[in-house]
Amino acid sequence: MKRVLAILFLLFPFLSCCQPKTFLTDRTLELCQYIPDHVLKPEAKEAMTPDFFRALSEAFNAPVADYGEIGDNEWLWYFVTGNGGSEPVYSVKSVSQTDKDSARAIITVRQKWEDGSFAEEDTKEYEVLLKRVDGQWLLDDFDGKKAACQAYVRQVREKYASGEYVKYLESAEDLKEYVPDFQERVKDFYAKYGE
């Protein structure tokens, strides 16, 4: 009996750190509802790691000189479903805990159209990374979007610093009027996210 208890005592830390697959599957599906599609929901902050939410929030809020045309940030609005359809429908293809506080899932996203139909070509697979923070499993990345958003924000900030956006607006007579508004938006962005 002592030997069995000793073995269980040694295995307890390993066993207690692993989540049942059904729990991780259910949690992944729950968290998928906060993946941006046309908009970053404010309540997503509670479903994401601070790093991931910061990357997304900064990318979605970064001002671009898109007055009168498609902006540099168009890709953000089609984060999941692309242009068309209605709400995405998620399912978990596989999920595994990669270490004590990390998990990886492959999800399938089906595009449901307004008439309720699905088209096979609108079904895609994505990788979702989860991280346990303060005992709670949170979204830490979606198909590499964290790095994509961070790179995008660096690029946009370089355009602020070089004055590229302002020069673009000043180069067209019908866009000059937007310069003060754009500069105010950049100022607000810096106030929120730092220089």
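Every read-out reported here was derived from the displayed coordinates using simple, explicitly stated rules and does not represent laboratory data. Computed from a prediction, not measured in an experiment: that's the story for all the values here. Glycine also receives a Cβ, built like all others from the backbone with ideal geometry; neighbour counts cover every protein chain displayed.
Okay, helix-only estimate at 222 nm for the chain: each DSSP H run of n ≥ 4 adds -39500 (n - 2.57), divide by all residues, round to 500 deg cm²/dmol; what do you get?
Here the helix-only value at 222 nm equals -13500 deg cm²/dmol.
Is the shape of the range 97-151 rounded, prolate or oblate, going by the alpha carbon gyration tensor and its root eigenvalues a ≥ b ≥ c, with a/c under 1.5 for rounded and a/b larger than b/c for prolate?
The shape class here is prolate.
Rounded if a/c is under 1.5, else prolate if a/b beats b/c, else oblate: with a ≥ b ≥ c from the C-alpha gyration tensor eigenvalues square-rooted, which is the range 61-157?
Oblate shape, in that a/c is at least 1.5 and b/c is the bigger or equal ratio.
State to the nearest 20 debye the size of the charge dipole of the chain about its Cα centre, where the only charges are +1 on K and R beta carbons and -1 on D and E beta carbons.
Charge dipole of the chain: 1520 debye, to the nearest 20.
Would you mind checking Lys146/Lys192; Lys124/Lys145; Lys45/Lys93; Lys41/Lys192; Lys45/Lys159 for any pair whose Cα atoms are more than 22 angstrom apart?
Lys45/Lys93; Lys45/Lys159
Classify the chain as rounded, prolate or oblate from the Cα gyration tensor: take a ≥ b ≥ c as the square roots of its eigenvalues, call it rounded if a/c is under 1.5, otherwise prolate when a/b beats b/c and oblate if not.
Oblate is the answer for the chain, as a/c is 1.5 or above yet b/c matches or exceeds a/b.
For the range 33-126, state which GluC sites (Glu not before Pro) are in a DSSP loop and have at most 16 other beta carbons lying within 10 Å of their beta carbon.
Counting only loop positions with at most 16 other Cβ atoms within 10 Å, the GluC sites (Glu not before Pro) in the range 33-126 are Glu69, Glu114.
Checking the cross-link filter: which aspartates and glutamates have an alpha carbon closer than 15 Å to that of Lys176, excluding same-chain neighbours under 8 positions apart?
Result set, ordered by chain and number: Asp66, Glu69, Glu164, Glu184.
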